[in-house]
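Reviewing the structure listed below.
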Amino acid sequence: MANEPTFTARHLLGLEGMSRADLLYILDTASSFREISEREIKKVPTLRGKTIVALFYEASTRTRMSFEIAAKRMSADFVSLSSAASSVTKGETLLDTARNLAAMRPDGIILRHPSSGAPHFLAQRVECPIINAGDGSHEHPTQALLDLLTIRERRGSLDNLKVAIVGDILHSRVARSNLHALRALGAEVRLVGPPTLLPRELSQWATITSDLAEGVRGVDVIMTLRIQHERMGANFFPSLDEYSRYFCVTEAVVKLAQREVLIMHPGPINRGVEIASDVADGPYSVIMDQVTNGVALRMAVLFLLVNRSREAIEPRSREATEPLEAAQPARLRRSAG
């Protein structure tokens, strides 16, 4: 049975504290949007006339492109700004940049920033919706949501699933967002990595171990994470070779998990370090499914936050309704009726 519409948040800043109902509603909405990407003409008028601004202070390939494709598939105008091409290089603060952008009346701002809490800071000071595309080592909510969408497509439900997250937990915003969301949806989470990269305070929410074999034994999902050298101010392990020897997910490691285990990675992949190529490209890998689902998930997030009125799916006149109904996902057409 479809989840009733409950999502009323103005921003998407993180998944900590988000209810099970809201998580499922976002995932249901994303599932409805996925079929748009399978059409010959991959475009609907849902956000026509809306302007989305992406403000990225860190490098990104998948997240930035995924948001841009998502916005354009819903007919929104998309403006992307990197810190290197902005007045940040002249000393302008994040707040001043955001206020100037907000004065141009965008309908939403997508922010990636190296400082934890930056999206929360902006959300208190600008009028339009803020979407967190990753803030420091704090959270990356849309990545975790697309991970949940991918798991749910393959398993039907996350209740009672065992999920091992392996790698640089300490610096990973992906791990934190997944931990919050997986627990809210009933999964058991194990965090695996070197002792220096395992925050002990997370032990109240997950099983923590530095034994890879113990961590992945019998799990339904193995999610590998890259080593985030850019956030490390010191040496957390002797060398990459040493790390790979103990924590690389190989075929031998995969055999310890459930027979139909799902292999995941948020990208970018360091092959031979956190995951072997034959595993990343193997039959249990859903890494490319994650990328595909990223577009549908971000379409759903933009729809729920930017489309504040229902006019895009409930036009006043029947003349406007007919072509729009044909363009909308089936579930949204039903909800509008």
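Quick note: the coordinates plus some simple rules give every number you see, no bench work behind them. Quantities reported herein were computed from a predicted structural model and do not represent experimental measurements. Neighbour counts are summed over all protein chains in view; Cβ atoms, including those assigned to glycine, are modelled from backbone coordinates with ideal geometry.
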Taking the Cβ of Ile287 as the center, what net charge do the other residues with Cβ under 15 Å away carry, scoring Lys and Arg +1 and Asp and Glu -1? -2
Which one, Thr224, Thr196, Leu158, is farthest towards the positive end of the dipole of region 143-233 when Lys and Arg carry +1 and Asp and Glu -1 on their Cβ? Leu158
Contour minus end-to-end for Thr93 and Ala59, with contour as 0.36 nm per residue of separation and end-to-end as the Cα-Cα distance? 10.4 nm
What trypsin sites (Lys or Arg not before Pro) in region 111-214 are in a loop by DSSP, with at most 13 other Cβ atoms within 10 Å of the Cβ? Arg125
In nanometres, the difference between 0.36 nm per residue of separation and the alpha-carbon distance of Arg217 and Met104 is 35.4 nm
Checked region 126-207 with the C-alpha gyration tensor, a ≥ b ≥ c its square-rooted eigenvalues, rounded below a/c of 1.5, otherwise prolate if a/b is larger than b/c and oblate if not; verdict oblate
